[in-house]
Structure formats: structure tokens, C-alpha cells
Amino acid sequence: MATTELVKGVRATRSTIALKLAMATSGIIFILFVLLHMYGNLKAFSGHDAYNTYAEHLRTLGTPMLPRSGALWVIRVVLILSLVVHVGSAVALWKRASAARSTKYQVKKNVASSLSSRTMRWGGVTLLLFVIWHLLEFTIGKINISGGATNDPYNLLVDSFSGTSWWMGVIYLIAMLCLGFHLHHGTFSACQTLGLTNSAASRARARIAGWVVAIVIAGGFSLVPLFTIFGVITK
Ligand code: HEM
């Protein structure tokens with residue numbers, strides 16, 4: 001009986017580790033994507049033509065070996081698979097944690113947890129909602145909330161955050177704050193899962209990596225809506 005319980009325990013631990021590895025791997029794929037996407041967005045500071053040339057390049061990448069938008073579709077498929085793995089593992093780990101603790105704590109103290117670690121779940125859900133809106137606005141639906149044209153990527157971007165649409169820019173800035181928190185703790189967690197936090201020095205390095213990734217990516221992304229709201233990036 002005791003042996004069966006032990007085997008069950010070992011299996012549960014192994015599959016928890018597998019789920020955490022899946023979260024870390026898909027998370028690293030996202031980090032690479034958002035880093036490149038953030039860098040590409042900064043083209044908005046170079047003006048209309050530079051930005052639109054970059055948007056067009058994304059579609060002609062890999063041609064003539066691949067059809068137009070072929071490389072973009074490869075990236076999209078990898079991102080969709082990563083999203084399924086990331087959200088699926090998060091839900092499975094979430095369920096396991098609640099099953100392991102069927103009675104609630106009388107007093108819930110978050111002794112050694114940071115704000116970013118406590119906001120991983122709901123921050124993640126907020127980011128998912130943001131990405132759904134974001135894709136509807138810029139890619140799938142091409143919605144111009146200012147009522148302008150939708151066939152020009154740069155103008156669509158500027159219309160989305162300027163003039164009477166400034167509030168959408170503010171929503172994007174709030175979403176980038178959520179992204180920063182998520183990346184801060186996510187990077188540390190991924191390092192932990194990959195066994196890179198075994199000493200005090202390596203834990204400190206993982207914490208620094210979390211700050212750097214969060215500030216560079218969320219900070220870099222924030223520049224475009226911020227400078228569009230204040231009229232530096234204009235049509
Ligand atoms: C201030 C922040 C952001 C801005 C201004 C922004 C802007 C844009 C724009 C303009 C496009 C369309 C590009 C084109 O038509 O060539 C786009 C596409 C996209 N963005 Fe963002 N983005 C931001 C943040 C994010 C974040 C945080 C994520 C993911 C977590 C994300 C995921 C995507 C995806 C998946 C696409 C679709 C790419 C495709 O399949 O064509 N974006 N973004």
C-alpha cells in the first residue's frame with residue numbers, strides 16, 4: 001500500500017516537472033517573439049515609410065523559397081502551439097495546486113512572494129485578453145477605432161493611440177505593465193525550472209535576468225504608445 005502511494009507520488013512529481021518544463025520552454029519562445037516584435041515596433045520612430053517597409057518585409061521573408069507570408073505563417077503556427085502548451089500547462093498546474101490544498105488557509109500571508117509572483121495567474125489571463133483584442137485590432141480584424149483607413153499599417157498604428165483614441169494608448173501601457181510583471185517573475189521561474197537557481201549567486205543572477213527582460217521588453221513596447229499619445233509619432 002505504502003509502495004503504491006510512493007509510486008503515485010513520484011509520478012505526480014514527474015508530471016509536475018514536465019508541466020513546468022513545458023511552461024518554461026513555451027515561455028522562452030514567447031520571450032524571443034516579444035523581443036523581436038518590440039524591436040520591430042521601434043521602426044515607428046523612423047516614420048511612415050520605414051515602418052511600412054518593415055511590415056512588408058515580414059510578409060516577403062523567406063521568398064521565393066517560401067510563398068508570400070510563408071515564414072510569417074510558420075511563426076504564427078509556432079506561437080499558437082506555444083500558447084496552447086503554455087495555457088494548458090498553467091491550467092493543469094493551477095488545478096494540481098488547488099487539489100493539493102483542498103482547505104483554504106485561515107490567514108493567508110504572502111511572506112516571501114513578490115507582487116509579480118502573486119499576479120502570475122490573473123496577469124496571465126489579462127495578457128491573454130489583451131492579445132485577443134490586439135490581434136483583432138491589428139491583424140485579424142484590422143479595426144481602426146478612430147474610423148480611419150485600415151490598409152496602411154503605420155497609419156493604423158498611429159490612429160489607434162492618438163487624438164481621441166489616446167485612451168487606447170493608456171490601455172496598451174497598462175497591458176505592458178502587466179507584461180512587465182509577468183516577464184519579471186516568468187523569467188525567474190523558467191531559470192528555476194531549468195535548474196539555474198541552485199546557489200545564492202545564481203538566484204541573484206536569475207532575479208537580475210527577470211528585471212532586465214521585463215524592463216527591456218515592456219519598457220521598449222511602451223515607447224510607441226507613449227510617444228504616439230504625446231504626438232512625437234504622427235502621421
Ligand atoms: C505597445 C505594444 C504593442 C504594439 C504597439 C504592437 C503593435 C502591433 C502591430 C502594429 C501589429 C501588426 C503588424 C503588421 O501588420 O505587420 C502587431 C501584430 C502582432 N502582435 Fe503586437 N504590438 C504590441 C505588443 C504585443 C504583445 C505584448 C504581444 C504578445 C504578447 C503581441 C503580439 C502580436 C502578434 C501575435 C501579432 C500578429 C503577428 C502576425 O501574425 O501577423 N504584440 N502588433
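The values are calculated or read from the model by the stated rules, or taken from the named source; none is laboratory data. Please read these numbers as outputs of a predicted model, since none were measured by experiment. Cβ coordinates were reconstructed from backbone atoms using ideal geometry, including for glycine residues, and neighbour counts include every protein chain displayed.
Before we move on, is SER165 surrounded by 14 or more Cβ atoms within 10 Å (Cβ to Cβ), modelled with pLDDT under 95 and touching a helix residue (DSSP H, G or I) at 6+ places or on another chain (Cβ under 8 Å)? No. Evaluation of GLU137 against the conditions (1) in a helix (DSSP H, G or I); (2) touching a helix residue (DSSP H, G or I) at 6+ places or on another chain (Cβ under 8 Å); (3) more than 10 Å from the ligand (Cβ to nearest atom) shows that the sole unmet condition is (3). Can you spot a residue in region 62-73 that is closer than 30 Å to GLY195 by Cα and of a type in the set (Phe, Trp, Tyr)? No: zero hits.
Give the number of residues within region 195-235 that are assigned to a loop (DSSP other than H, G, I, E, B) and either polar (S, T, N, Q) or buried (at least 17 other Cβ atoms within 10 Å of the Cβ) (or both).
Going through region 195-235, the residues assigned to a loop (DSSP other than H, G, I, E, B) turn out to be 195-199, 230-235.
Those still in the list that are either polar (S, T, N, Q) or buried (at least 17 other Cβ atoms within 10 Å of the Cβ) (or both) too: 197-199, 233-234.
Matching residues across region 195-235 total 5.
Each row is one residue, and each column tells you yes or no for (1) within 8 Å of the ligand (Cβ to nearest atom); (2) out of contact with any Cys (no Cβ under 7 Å at 6 or more places or on another chain); (3) within 30 Å of THR234 (Cβ to Cβ).
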site	(1), (2), (3)
ASN41	yes, yes, yes
PHE45	no, yes, yes
VAL77	no, yes, no
ALA99	no, yes, no
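Within region 146-188, restricting attention to residues that are more than 13 Å from the ligand (Cβ to nearest atom) and not in a helix (DSSP H, G or I), the residue that is nearest to SER116 (Cα to Cα) is SER146. Among the residues of region 82-97, how many are more than 14 Å from the chain's Cα centre (by Cα) and either within 13 Å of the ligand (Cβ to nearest atom) or exposed (fewer than 15 other Cβ atoms within 10 Å of the Cβ) (or both)? Residues meeting the conditions: 6.
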